[in-house]
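Shown next, in C-alpha cells, is the structure this report addresses.
Each reported figure results from applying straightforward, stated rules to the coordinates on display, with no laboratory input. None of these values were measured; they are calculated from a predicted model. Neighbour counts run over all protein chains shown; Cβ positions are idealised from the backbone, glycine included.
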C-alpha cells in the first residue's frame, strides 16, 4: 500500500505516520500499542491537528510555535499531495508559513511495514513515542527514503 504525506510551502511539523514503499531504509522501529486499547466506536475519525502560522526554517524553530496554535479540521485520509502556489496546506487556513502539530491514533496490522514520508521544509514523525523519521531544514518537496516499523500486534498506536 502506498500513501504519501506531502507537506508543502511552509514549515510543516507533522507527527503522523503513513503507509508506503521506497528504496533506502531506517529502522526497524518496534512500536508499542496504546494500553488500554480504545473501543473503535469511541474514536473520532481522522487525526487531530493544530496550526501555527509563522516562519520557521528548522524543526527546532517550529517547536517554538507549540502552544500558539489553533485547532484545524481533522486530517482524514493520508494523501495530501504536493499543491500549486496559493493552495492551502492540509486543512490549514493558509498556503504558506504553516506549522502543523498532528496527533491521534492509527490502526496498524501486526507485521513489518515500510513507511515513506514526503515533506517540504521539515517533518518529524513520532510513533509510539519514538522518533521514526526526521527531515529538517528548508528543502523542496521530496522523500528521504523509507522507514521500517515492526508492529507486534494488530491494534491502535499513538501518533
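Here are a few things to note about the model shown:
- Label-point separation in nm, residue 103 to residue 41, each point 7 Å along Cα→Cβ: 2.7 nm
- Ranked by the mean number of other Cβ atoms within 10 Å of their residues, highest first, the peptides 55-63, 94-102 come out as 94-102, 55-63.
- The stretch 37-76-the stretch 101-159 distance, computed between alpha-carbon centres (Å): 15 Å
- Taking the average, over residues, of other Cβ atoms within 10 Å as the packing measure, peptides 125-138, 64-77 rank 125-138, 64-77 from highest down.
- Cβ-Cβ distance of residue 32 and residue 136, R₀ of 22 Å, FRET efficiency by 1/(1 + (r/R0)^6): the value works out to about 0.30.
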